[in-house]
Amino acid sequence: MKRVATLPQSRIHALHCAQCQTSYSPFELQSVSPCCQQPLVADYDMSWPLTPGAGINLADSSMWRYGALLPLLDEANKVTLGEGLTPLLTLPRLAARYDLHALLLKDEGQNPTGSFKARGLSMAISKAKELGVSGCIIPTAGNAGVAMAAYCARGGLSATVVMPRHTPEAFKEECYWYGAQVELVDGLINDCAARVRQLNAGGELLDISTLKEPYRLEGKKTMGYEIAEQLNWQLPDVLLYPAGGGTGLIGIWKAFREMKALGWLAPEAALPRMVAVQAENCCPLLETYLGHQPNCHNYTGRPTLANGLAVPRPLGEPLMLEVLRESNGTVVAISEEGMLEGMRELGQQEGLFVAPEGAAVWMAARKLLAEGWLHADERILLLNTGNGQKYMSNVAGRAWA
Ligand SMILES: *Cc1c(COP(=O)(O)O)cnc(C)c1O
Ligand SMILES: [Zn+2]
């Protein structure tokens with residue numbers, strides 16, 4: 001039998017409203033903040049003297065090794081499929097080709113259900129179970145719904161997944177196999193969110209929408225802890241991330257800030273510049289960042305091969321912009337053809353069949369190098385958020401330019 005490591009005692013002590021900082025209990029079921037209808041963010045007691053890495057359960061080879069900095073209180077409620085601790089790969093052939101000093105890729109496609117969404121949903125469903133929830137509902141561009149369906153099955157909760165009709169068959173099919181109820185909607189994830197509000201008007205189900213419950217973010221932040229641990233507490237100079245709803249970007253940055261507060265990172269060490277990568281077909285963050293619109297509230301997006309990036313009106317936009325500002329980062333958008341080119345290059349040069357989202361991240365690095373924003377001697381870390389296999393119906397037959 002697989003050995004289950006014990007969960008270190010969680011140091012969570014509050015949730016705060018991302019807009020006005022009002023404090024709320026982390027020991028009750030919460031959604032968005034009652035004060036501002038904005039995301040709630042978890043706070044931990046950081047007042048323990050710790051050397052880098054102390055407090056990590058090394059016997060646990062999943063994201064749960066950082067349990068002290070995660071919100072789950074009781075081991076018995078943990079719903080896990082072994083998510084996290086994904087490989088941090090070097091890309092030597094691409095580095096040589098582009099004359100780069102250090103090029104790394106964290107491969108989140110190796111997670112259960114084939115994407116980094118496993119982290120967020122393992123955490124959110126564990127907390128839902130801990131707080132006595134019996135069923136969950138989610139609007140999704142694909143991967144989050146699949147992950148929710150899997151973790152709900154594993155935790156004994158009911159799952160309702162609402163996704164765009166044009167989502168690749170593999171995503172729908174996997175949800176069916178986990179026994180989820182699946183609703184198909186004409187439109188993008190924001191249209192699915194409207195359908196979720198209808199279906200759940202009575203509030204019987206917990207709405208697991210991005211940043212509408214506080215704990216998917218806590219699962220996602222473990223990517224930041226792992227990157228630091230895997231690089232022996234020396235963070236890269238630049239980190240590129242495909243941003244849709246934004247929990248990955250916001251979560252990784254949260255982890256970096258927490259590790260600074262814990263003293264796990266040198267106080268004088270600079271944190272990475274964070275690059276949000278979007279699809280040209282749906283790039284609300286870029287439009288706001290460039291000042292073409294005050295915010296994304298009226299943005300209209302089009303579908304993209306990178307289904308996870310088709311998020312026209314992300315609730316987390318202000319938090320993403322804050323990360324870009326604090327880290328001196330930027331936003332880049334990549335075309336559909338560019339994503340296919342990136343998939344070919346990562347496939348042919350490095351043996352990686354990445355999601356179009358991950359390919360966009362590599363193409364963004366190339367673009368920023370060409371523009372001189374990124375330098376060949378910097379340590380560059382790419383996040384591949386998903387496995388290409390799920391996107392087969394989007395990309396089949398296009399391996400040749
Ligand atoms: C959901 C998703 C994204 C976007 O992630 P956010 O955390 O919502 O910004 C990127 N890539 C893939 C493969 C996804 O499934
Ligand atoms: Zn508030």
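Restricting attention to the chain, close to 30% of DSSP beta bridges with both partner residues there are antiparallel.
In the calculated pair-distance distribution of the range 10-89, the portion above 19 angstrom amounts to 50 percent of the Cα-Cα pairs. Seen from a random direction on average, the alpha-carbon convex hull of the chain projects onto 18.6 square nanometres.
Return one quarter of the surface area of the convex hull spanned by the alpha-carbon atoms of the range 232-352, equal to its mean projected area, in nm².
Quarter of the Cα hull surface area: 8.4 nm².
On the beta carbon distance between Arg325 and Glu169, with R0 = 45 Å, the FRET formula returns roughly 0.65. For Val311, nonlocal amide neighbours, meaning residues 5 or more places apart or on other chains whose placed amide H falls under 5 Å from its own, do not occur. With all protein chains kept in place, the per residue accessible area of the range 254-327 amounts to 41 square angstrom at a probe of 1.4 angstrom. Note that the range 242-257 has calculated 3J(HN,Hα) couplings of x, 9, x, x, x, 4, x, 4, 5, x, 5, 5, 4, 4, 4, 5 Hz, one per residue in order, obtained from phi through the Karplus relation 6.51 cos²θ - 1.76 cosθ + 1.60 (θ = phi - 60°); glycine and proline are x.
Packing here is the average count of other Cβ atoms within 10 Å per residue, and on that basis the peptides 253-260, 174-181, highest first, run 253-260, 174-181. Taking the accessible area of the range 215-346, probe 1.4 Å, and keeping the other protein chains in place, the carbon and sulfur fraction comes to 49%.
Annotation: peptides 263-274, 328-339, ranked by per-residue average of other Cβ atoms within 10 Å with the highest first, follow the order 328-339, 263-274. For the range 312-401, the alpha carbon positions stretch 41, 35, 18 Å along the principal axes, listed from largest to smallest. Rolling a 1.4 angstrom probe over the range 96-167 with all protein chains present gives an accessible area of which 42% lies on carbon and sulfur atoms. Sorting 135-141, 60-66 by average packing, meaning the other beta carbons within 10 Å per residue, from highest down gives 135-141, 60-66. Taking every protein chain into account, the accessible area of the range 57-119 amounts to 35 square angstrom per residue (probe 1.4 Å).
The values are calculated or read from the model by the stated rules, or taken from the named source; none is laboratory data. Just so we're clear, the structure is a prediction, and the values are computed from it rather than from any experiment. Heads up, the Cβs are rebuilt from the backbone with ideal geometry, glycines too, and the neighbour counts pull from every protein chain shown. To get the accessible areas, we keep the full protein, side chains included, count just its heavy atoms, and leave off ligands, DNA and RNA. Shrake-Rupley method; radii C 1.70, N 1.55, O 1.52, S 1.80 Å.
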